[in-house]
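Structure record follows, encoded as structure tokens.
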Amino acid sequence: MLDLALAVFHHLLIFTLFGVLVVELMLVRPGMDAAAVRRAVGVDALYGLAAVLILAVGFGRAAMTAKGWDYYVHNGFFWAKIATFALIGLLSAPPTLLFIKARRAGAALSDAEVRKVRGLVQAELALFPLLLIFAAAMARGYGSF
Ligand code: HEM
């Protein structure tokens, strides 16, 4: 039952994270004002929460349910998935810092900052399908060593 609950939660969180990234991309546009920056800070916080919960649920699944920790530690696709997830997390850091800096100053983002944030969010979205590919391969025993 715990396995089913965590699997369902895992997928719901994944959709949430993807949705939040798309919303962020729609929100961050040239000419965004201080109010849009405040909204972006809220959306970004939701992104952070979803990412932390995915980590907790994902490691919960790997350690306590599914096939057991030993199976995943010896699977290359598991580590590829974790590395990709970490890379996406790193790419999300500069936008978060820019949003917070702009909100503190009560200012809007400059067009150059908007371009930077959009590029980073697009890169995160582009990497996302890799997570699904690695997850499916790992669940089926490909890449085991
Ligand atoms: C946004 C990030 C993530 C995405 C998109 C994702 C995607 C998926 C998908 C689609 C599956 C189902 C695979 C299948 O049954 O065919 C899955 C399973 C799983 N994921 Fe994730 N995942 C993410 C993050 C994580 C993290 C951080 C962990 C941490 C260890 C993790 C651990 C697991 C485990 C243990 C399974 C069960 C695999 C099995 O049935 O053997 N996931 N993931």
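Readers should treat all values here as calculations from the given coordinates under stated rules, not as data from a laboratory. Since the structure is predicted, the reported quantities are computational estimates derived from the model, not experimental observations. Counting neighbours? That spans all protein chains shown, and the Cβs are built from the backbone with ideal geometry, glycine included.
Order by neighbour count: Leu90, Leu21, fewest other Cβ atoms within 10 Å first, most last. Intermediate values should be presented prior to the final figure.
Details: Leu90 10, Leu21 20.
The fewest-first ordering by Cβ neighbours comes to Leu90, Leu21.
Quick one: plug the Kirkwood hydrodynamic radius of the chain (C-alpha pairs) into Stokes-Einstein at 20 °C, 1.002 mPa s, and report D in µm²/s. All intermediate terms of the calculation are to be shown ahead of the outcome.
Details: Rh = 16.3 Å.
Answer, rounded: 132 µm²/s.
Return the equivalent ellipsoid semi-axes of region 1-83 as a descending list in whole Å, where each equals the square root of 5 times an eigenvalue of the C-alpha gyration tensor.
Details: eigenvalues 216, 36, 16 Å².
Gyration-tensor ellipsoid for region 1-83: 33, 13, 9 Å.
Hey, what did the chain get for relative contact order, percent, Cα under 8 Å, at least 6 apart? All intermediate terms of the calculation are to be shown ahead of the outcome.
Working: 140 pairs, mean separation 53.0, N = 145.
Result for the chain is 37 percent.
Could you pull out every one of the lysines with an alpha carbon less than 18 Å from that of Lys116, ignoring same-chain neighbours closer than 8 positions?
The qualifying lysines are Lys101.
Starting at 0 and stepping by 5 Å, how many percent of the alpha carbon pairs of region 88-145 end up in each bin?
Pair shares across the bins are 4, 17, 19, 16, 12, 10, 8, 7, 5, 3, 1.
Ala108 versus Leu125, label points 7 Å from Cα toward the beta carbon: distance in nm?
For the pair Ala108/Leu125, the computed spacing is 2.2 nm.
Would you work out the relative contact order for region 68-135, in percent, from Cα pairs under 8 angstrom that are 6 or more residues apart? The partial results should precede the final answer.
Details: 32 pairs, mean separation 34.0, N = 68.
Relative contact order for region 68-135 comes out at 50 percent.
Taking Lys81 as the anchor, which lysines have their alpha carbon closer than 21 Å to its alpha carbon, excluding any fewer than eight residues away along the same chain?
Lys67
Quick one: which residues, 5+ away or cross-chain, put their amide H under 5 Å from the amide H of Ser144? H built at 1.01 Å from N.
Counting only residues 5 or more places away or on other chains, the set is Gly76.
Order of Val114, Val22 from fewest to most other C-beta atoms within 10 Å? Kindly include the intermediate steps, with their values, before the conclusion.
Details: Val114 17, Val22 11.
Result, fewest neighbours first: Val22, Val114.
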